[in-house]
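Enquirer: Sharing a structure, written as structure tokens. Questions coming.
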Amino acid sequence: MEFDLGWILLGLPLAFVLGWLASRFDLRQLRAENRRAPKAYFKGLNFLLNEQQDQAIDAFIEAVQNDPDTCELHFALGNLFRRRGEYDRAVRVHEHLLSRGDLEHSDRERAQHALALDFLKAGLLDRAEDALHRLEGTALEAQARLALLAIYERSRDWPRAAGIARKMHGADQGDFSTRQAHYLCEQALALTDLPAAQALLEQAIHAAPEAARARIELARLQRLMGQPDALLATLKTLAAHNPAALPLAAPLMVEAASATGRVAEVQELLQAHYAQAPSLDVLESIVLLETTDEATRATARQRYVQHLDKERSLVATAKWLATEKLEHEEFHPQIERALEHAVKPLLRYRCAACGFEARRHFWQCPGCQTWDSYPARRVEEL
Ligand SMILES: [Zn+2]
């Protein structure tokens, strides 16, 4: 007992002295490192401010060798270069990060993702694709798959895009059913084998029953294949499931009605739709179906004036005036031309995401690449 107590009495001051010495040593080493590291940073910063980016990268890489906790600085630098469009420099920074043995697992994945974005922005799609595939099974998998989707869409590789969308949908990484339907439609449109195209469109309807596009494309195909009854049936399902998209299919409705002889039935359907949502395209189709000769033309035209009670529409005004007898008939062509010119921009479709306007309706905006961003209504009706 006494022996043990003696050791403790002797050991305690000794341990204290050793601990103090060790802390002094650590502190001195840390100070030395800290002195070295800022020097390299300032050198790098100086190069960066003097627009000597390559020297700056070298200096920062040197700094990082002395201090392994500087990967955030590298990420910031890499992103800065990418934003400035200096992709080779961004790639160099991110590749250096990836080559470091001491990088944490999550930072390695971040660097891999950043590298993929560099390649993507630089337009090196093959290399971007390769870099993104390496992120399968990581925490950044969903982001990588989204980027892959963008690549396949850009290169119009619809089967591969469909594969990724299927995977994401299955892995609860978002609702990709509408996107899958679009890819199937795109594949169908590229086919010359019409029955095969029809099979794909039916698959698309099955994938996203609430999406309008597949039904409209199927209706167009049925018109091409000379199947008016099937065409009308498809359009009636469209009117029931996707009434908002009916204006896009209104001209097809007119064709289906004439081809099947079921004009009254289609008129009723269009008028019911128009009563719910007065649309210019549906109105136009109603007028077309009503006009069979000179006598009916006059009454059908009155619908344009009635439309003005609901909407202050220049388009409807121009359409009514076009066939109206004016007192000064000799000036009619000039007035008509001027009105036509004023009306043209109002008949465009406009992307709700970026405002890009086009004469025809797009399912994917050519400006911002967003899907389903074009409403089925003309600019004047928005
Ligand atoms: Zn857009």
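The values are calculated or read from the model by the stated rules, or taken from the named source; none is laboratory data. All values reported here derive from a predicted model rather than from experimental measurement. No Cβ is skipped: glycine too gets one built from the backbone with ideal geometry, and neighbour counts run over all protein chains shown. For accessibility, only protein heavy atoms count, side chains too; no ligands or nucleic acids. Shrake-Rupley method; radii C 1.70, N 1.55, O 1.52, S 1.80 Å.
Enquirer: Mind listing the phi-derived Karplus ³J(HN,Hα) values for segment 149-163, rounded to whole Hz, using 6.51, -1.76 and 1.60 with θ = phi - 60°, and x for any glycine or proline?
Expert: Calculated HN-Hα couplings, in order: 4, 5, 5, 5, 5, 5, 8, 6, 8, 5, x, 5, 4, 4, x Hz.
Enquirer: Sort the following peptides by mean Cβ neighbour count (other Cβ atoms within 10 Å, averaged over residues), highest first: 72-83, 113-124, 292-303.
Expert: On the way: 72-83: 17.7, 113-124: 20.3, 292-303: 12.1.
The densest-packed peptide leads the list: 113-124, 72-83, 292-303.
Enquirer: Might you work out the accessible area of Glu104 for me, using a 1.4 Å probe with all protein chains in place, and round it to the nearest 10 Å²?
Expert: 120 Å²
Enquirer: Something else: Per the helix-only calculation at 222 nm, which mean residue ellipticity applies to the chain, given -39500 (n - 2.57) for every DSSP H run of n ≥ 4 and division by its residues, nearest 500 deg cm²/dmol? List each step's numbers first, then the result.
Expert: Values: 18 runs with 273 residues, N = 382.
Roughly -23500 deg cm²/dmol at 222 nm, from the helical runs in the chain.
Enquirer: Let me ask something else. From the residues Tyr374, Thr291, His332, which one has its Cα farthest along the dipole of the chain in the positive direction, the dipole being from +1 and -1 charges on Cβ of Lys/Arg and Asp/Glu about the Cα centre?
Expert: My answer, from the dipole projection, is His332.
Enquirer: Whenever you get a sec, line up Leu140, Leu49 from highest to lowest accessible area (probe 1.4 Å, protein heavy atoms). The partial results should precede the final answer.
Expert: Working: Leu140 25, Leu49 130 Å².
Sorted descending by solvent-accessible area, the residues read Leu49, Leu140.
Enquirer: Please arrange Arg156, Arg223, Arg108 by accessible surface area, largest first, computed with a 1.4 Å probe and ligands excluded.
Expert: Details: Arg156 140, Arg223 105, Arg108 75 Å².
From most accessible down to least: Arg156, Arg223, Arg108.
Enquirer: Can you find, among Gln222, Ala197, Ala208, the residue farthest towards the positive end of the dipole of segment 164-227? Put +1 on the C-beta of Lys and Arg, -1 on that of Asp and Glu.
Expert: The listed residue farthest towards the positive side: Gln222.
Enquirer: Where the centroid of each part is defined by its Cα atoms, how far is segment 95-127 from segment 220-266 in Å?
Expert: For segment 95-127 versus segment 220-266, the Cα centre distance is 51 Å.
Enquirer: About the Cα centre of the chain, what is the dipole size in debye to 20, counting +1 per Lys and Arg Cβ and -1 per Asp and Glu Cβ, all else neutral? Intermediate values should be presented prior to the final figure.
Expert: On the way: 46 positive and 54 negative charges, 107 e Å.
Charge dipole of the chain: 520 debye, to the nearest 20.
Enquirer: Using a simple spin-label model with points 7 Å from Cα along the Cα→Cβ vector, what separation in nm is obtained for Glu324 and Arg312?
Expert: Going from the Glu324 label point to the Arg312 one covers 1.7 nm.
Enquirer: Magnitude of the Cβ-charge dipole of segment 74-218, K/R +1 and D/E -1, about the Cα centre, nearest 20 debye? Kindly include the intermediate steps, with their values, before the conclusion.
Expert: Working: 20 positive and 22 negative charges, 84 e Å.
Dipole magnitude for segment 74-218 comes out near 400 debye.
Enquirer: Quote the relative contact order of the chain in percent (integer), defining contacts as alpha-carbon pairs under 8 Å separated by 6+ residues.
Expert: So the answer I get is 6 percent.
Enquirer: Can you tell which of Ala342, Gln364, Leu321 lies farthest toward the positive end of the dipole of segment 258-378, using +1 and -1 charges on the Cβ of basic and acidic side chains (Lys, Arg; Asp, Glu)?
Expert: Most positive-ward Cα: Gln364.
Enquirer: Right, here's the next one. State, as an integer percentage, the relative contact order of segment 230-382 based on alpha-carbon contacts under 8 Å between residues 6 or more apart. Don't skip to the answer; put the middle values down first.
Expert: Numbers: 155 pairs, mean separation 25.3, N = 153.
Over segment 230-382, the number comes to 17 percent.
Enquirer: Just how much of Asp58 is accessible, in Å², when a 1.4 Å probe is used and the result is rounded to the nearest 10?
Expert: 80 Å²
Enquirer: Cα-based Rg of segment 255-379 per 2.2 N^0.38 Å, rounded to two decimals? Walk me through the numbers on the way to the answer.
Expert: Details: Rg = 16.7 Å, N = 125, 2.2 N^0.38 = 13.8 Å.
Output field value: 1.21.
Enquirer: What accessible surface, in Å², does a 1.4 Å probe find on Ser106, ignoring ligands, DNA and RNA and rounding to the nearest 10?
Expert: 60 Å²
Enquirer: Let me ask something additional. Quick one: what are the phi-derived ³J(HN,Hα) couplings along segment 77-83, Karplus 6.51/-1.76/1.60 with θ = phi - 60°, whole Hz, x for glycine and proline?
Expert: In residue order, the calculated couplings are 5, x, 5, 4, 5, 5, 4 Hz.
Enquirer: Continuing with this model, one more query. Residue by residue through segment 47-61, what is 3J(HN,Hα) from phi via Karplus (6.51 cos²θ - 1.76 cosθ + 1.60, θ = phi - 60°)? Round to whole Hz and write x for glycine and proline.
Expert: For segment 47-61, the Karplus curve yields 4, 5, 5, 8, 6, 9, 4, 5, 5, 4, 4, 4, 5, 5, 5 Hz.
Enquirer: Express in nm, to one decimal, how much length is gained between Glu104 and Leu189 on full extension, taking 0.36 nm for each residue of separation and deducting their alpha carbon distance. Mind dumping the intermediate values first?
Expert: Numbers: separation 85, 0.36 × 85 = 30.60 nm, distance 4.69 nm.
Here the answer is 25.9 nm.
Enquirer: Testing the spin-label approximation: label points 7 Å from Cα along Cα→Cβ at Asp175 and Ala233. State their distance in nm.
Expert: Rounded to a tenth, the inter-label distance reads 2.8 nm.
Enquirer: Which order do you get for Lys344, Lys310 if you rank them by accessible area with a 1.4 Å probe, largest at the top? Don't jump to the answer; show the numbers that get you there.
Expert: Details: Lys344 130, Lys310 110 Å².
Order by accessible area, largest first: Lys344, Lys310.
Enquirer: For the chain, what is the accessible area per residue in Å² when the probe is 1.4 Å? Don't jump to the answer; show the numbers that get you there.
Expert: Details: 21670 Å² over 382 residues.
So the chain comes to 57 Å² accessible per residue, rounded to a whole number.
Enquirer: Between His341 and Asn79, 0.36 nm times their residue separation minus their Cα-Cα distance comes to what?
Expert: On the way: separation 262, 0.36 × 262 = 94.32 nm, distance 4.71 nm.
Separation in residues times 0.36 nm, less the Cα-Cα distance, equals 89.6 nm.
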